[in-house]
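Engineer: First the structure, which I've put down as structure tokens, then a few questions once you've had a look.
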Amino acid sequence: MRGFNPAEYEIDFDVIFFLVTLSLMGMGTVMIFSSSYFVSKELYGTGIALIKKHLIHLGIGLCLMLLAMKIDYRRFRSQPLILLALFAGFCALILCFVPGIGRTAGHACRWVKILSFSFQASELMKIALILYMAYFLSKQSKDIRDFSSGVLPILIIVGIACALIFLEPDFGTAAAIGIWSLLVLFLAGMRIKHLALITLPLIPLGSILMLAEPYRRARLTAFINPWSDMQGIGYQVIQSMVSFANGGFFGAGLGQGTQKLFFLPAPHTDFILSVVGEELGFLGTALVISLFGLWIWRGFSIAQATKDSFGFYLVLSSVCLIGLQAIMNMGVAMSVLPTTGIALPFFSYGGSTLLTTMIISGMILSVSRRARL
């Protein structure tokens, strides 16, 4: 009879990161159910339609995360694979504009629908860009201080992707990806003067693009002074602030919030943190922020512990992207940033975003299996 071998059951991944990821998933699922119940009942006649879809996406996401965790991340360091991922990402972005394939919702063509399956094209592009960034920086890390060979190739790829996303239009996601790329390049060792050379012209360009469309101007106006039009452009921002005010320190209680009763727009997507603030109060909001802070800190610890440059940049790029999205969403909900439409990872309802976040988490866990923490 075969004896028990403890080595076969040894945990070889970062347990803290894994548990924090599960905690974010669990808390996000609870809040999606609470925030989407009445929206779901209005749209589908039953309050559990949206949470059922979310649970299906969550199950698929867990499987994908565990699969990505089990695969040796070094297999992703394949030029043909990364070129294929970039090709698929760009094709998906282009297909958004093809009639019959691209799906329009809210005046934006952000989804690709093939048969009964649909996904947000920019989410596929995010994974492709993470892999490309990690591969390129691991090969060109010594040349990162040279603009033409260490920075420009990344800017070209990211710039084309951002341009396509912007045309959907999705200004928030395009801006987030652009900021993310500069952040990773800076952390990788890009020169300050190169960062300034890129950033200085982007600031006026971004301002022009923001002011070019009436709805983006309205968002900026609402951010500066939402009280100027309380029932119009400022309504969303004000209702978010009311949610946090109603919650106080301890919250109204899980499921007891009133702002989600069609006062707060998008309570289960962009402004789900506002529902957290109303129902769980300052303590619940602080818990969410702390969990994201712990997720980011542990991710950086994994990156620092790995001796492989590809693994380092893979985790660095992944953590920066998810962390930046979380910060931008929280900033919007708390009225310290203009409305952008960026989802809160693990929390906002949406299958494409959740699956992308889970795959990225799985890749980080894969790196942690070979890091020395």
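Engineer: Considering only C-alpha atoms, what is the centroid distance from the stretch 259-329 to the stretch 46-73, in Å?
Structural biologist: Here the answer is 18 Å between Cα centres.
Engineer: Give me 213, 123 ranked fewest to most by other Cβ atoms within 10 Å of their Cβ, as a rough exposure proxy. Spell out each step's value before the answer.
Structural biologist: Working: 213 12, 123 23.
Listed from fewest to most nearby Cβ atoms, that is 213, 123.
Engineer: Quick one: order 282, 76, 346 by neighbouring beta-carbon count within 10 Å, fewest to most.
Structural biologist: Result, fewest neighbours first: 282, 76, 346.
Engineer: Could I ask something else about it? Under 1.5 on a/c is rounded, so check that first for the stretch 111-216, then, if it is not, pick prolate when a/b is larger than b/c and oblate when it is not; a ≥ b ≥ c are the square roots of the alpha carbon gyration tensor eigenvalues.
Structural biologist: Working: a/c = 3.13, a/b = 1.31, b/c = 2.39.
Oblate, because a/c is 1.5 or more while a/b does not exceed b/c.
Engineer: Hey, how many Å between the Cα centroid of the stretch 229-255 and the Cα centroid of the stretch 83-147?
Structural biologist: Answer, in whole Å: 35.
Engineer: While we're looking at this one, here's another question. What FRET efficiency comes out for residue 199 versus residue 88 if R0 is 35 angstrom and r is the Cβ-Cβ distance? Round to the nearest 0.05.
Structural biologist: Approximately 0.70, to the nearest 0.05.
Engineer: Which distance in nm do the two modelled labels at residue 215 and residue 67 give, with both placed 7 Å along the Cα-to-Cβ direction?
Structural biologist: In this crude label model, residue 215 to residue 67 measures out at 3.4 nm.
Engineer: Follow-up. Using a/c under 1.5 as the rounded threshold, could you call the stretch 59-162 rounded, prolate or oblate? The axes a ≥ b ≥ c are square roots of the C-alpha gyration tensor eigenvalues, and prolate needs a/b larger than b/c, oblate otherwise.
Structural biologist: It is oblate, given that a/c is not under 1.5 and a/b is not larger than b/c.
Engineer: Along the Cα-to-C-beta direction of residue 139, a point sits 7 Å from the Cα; which residues of the stretch 298-320 have their amide N less than 17 Å from that point?
Structural biologist: Label zone hits: 309-314.
Engineer: In terms of the Cα gyration tensor, with a ≥ b ≥ c the square roots of its eigenvalues, is the stretch 1-123 rounded because a/c is under 1.5, prolate because a/b exceeds b/c, or oblate?
Structural biologist: Since a/c reaches 1.5 but b/c is at least a/b, the shape of the stretch 1-123 is classed as oblate.
Engineer: For residue 142, list the aspartates and glutamates whose Cα falls under 19 Å from its own Cα; do not include residues on the same chain fewer than 8 positions away.
Structural biologist: Residue 142 reaches 308.
Engineer: Here is a follow-up. Could you order peptides 199-208, 300-309, 186-195 by the average number of other Cβ atoms within 10 Å of their residues, highest first?
Structural biologist: Listed from highest to lowest mean packing, they are 300-309, 186-195, 199-208.
Engineer: Beta carbons within 10 angstrom, averaged per residue: use that to sort the peptides 174-184, 65-75, 84-94, highest first. All intermediate terms of the calculation are to be shown ahead of the outcome.
Structural biologist: On the way: 174-184: 21.5, 65-75: 15.7, 84-94: 17.5.
Those peptides, ordered most packed to least, come out 174-184, 84-94, 65-75.
Engineer: Hey, can you rank 160-169, 362-371 by average C-beta count inside 10 Å, highest first? Each step should come with its number before you reach the end.
Structural biologist: On the way: 160-169: 18.8, 362-371: 24.0.
Descending packing order for the listed peptides: 362-371, 160-169.
Engineer: Another one. Among all the aspartates and glutamates, which ones have a C-alpha under 12 Å from residue 193's C-alpha, if same-chain residues fewer than 8 places away are not counted?
Structural biologist: Correct list for residue 193: 146.
Computed from the coordinates by the stated procedures, all read-outs in this text should not be read as laboratory data. These numbers come from a predicted model, not from an experiment. Cβ: placed from backbone, ideal geometry, glycine included. Neighbour counts: every protein chain shown.
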